[in-house]
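The structure appears right after this line, and notes come after that.
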Amino acid sequence: MPLKCPDIKEQRLLIYKQLILSKVFGYLCRMHIYTLYFYESFYIQKRIFRHQFLERFCEGDKIRMQKYIDMFLASAPSLIENLKASLNNNDCHEIASQAHGHKAKLIMMGMNEAKELASEIEMLCRQGENMDSIKISLQKLVIQIETAVSILQTV
């Protein structure tokens, strides 16, 4: 029985179909990854920074909103630095003062979770709790503030 050689047109069509399918599949995979990244990023942003409070407080005035955002961005690096330095020095009084002093800014930015952490840190310090529990909460707070800064710098 003679071997049947596939037609050149059939080979080209088959290769073309495979190419199209691989491109479509690759496109769908990339879109799925981008969609997951977008929703994950959006969730993180919604959890850390809720701009609705600031927008309501400023009555929708974008210039005022930007003023408060700029104030937060200007104070965040020194807050993080002071908190870390106080932690290294085991200075609970200073940690409590820093946490208490910045709660209003956290509230203004709609950072409720960060505000709760700051309140918890302040309470732990004032009650003289061990530094390990304070350190864990402080690390969470610093991560929240750093994430908020990176989000707000793109706004």
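Values quoted throughout were computed directly from the atomic coordinates according to the rules given, and no laboratory measurement underlies them. Everything numeric in this text was worked out from a predicted model, so none of it was measured. Counting neighbours? That spans all protein chains shown, and the Cβs are built from the backbone with ideal geometry, glycine included.
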Would you mind counting up the charge near residue 99? Only other residues with Cβ under 9 Å from its Cβ, with Lys and Arg at +1 and Asp and Glu at -1.
-1
What do the square roots of 5 times the Cα gyration tensor eigenvalues come to for region 51-152, in whole Å, largest first, as semi-axes of the equivalent ellipsoid?
27, 13, 10
If I stretch the segment between residue 74 and residue 133 completely, what's the gain in nm (0.36 nm per residue apart, minus their alpha carbon distance), one decimal?
18.4 nm
³J(HN,Hα) across region 104-118 via Karplus (A = 6.51, B = -1.76, C = 1.60, θ = phi - 60°), whole Hz, x for Gly/Pro?
4, 5, 5, 5, 4, 7, x, 8, 4, 5, 5, 5, 5, 5, 4
What ³J(HN,Hα) values, in whole Hz, does the Karplus curve 6.51 cos²θ - 1.76 cosθ + 1.60 give for region 60-70 when θ = phi - 60°, with x put for Gly and Pro?
x, 6, 5, 5, 5, 4, 5, 4, 5, 4, 4
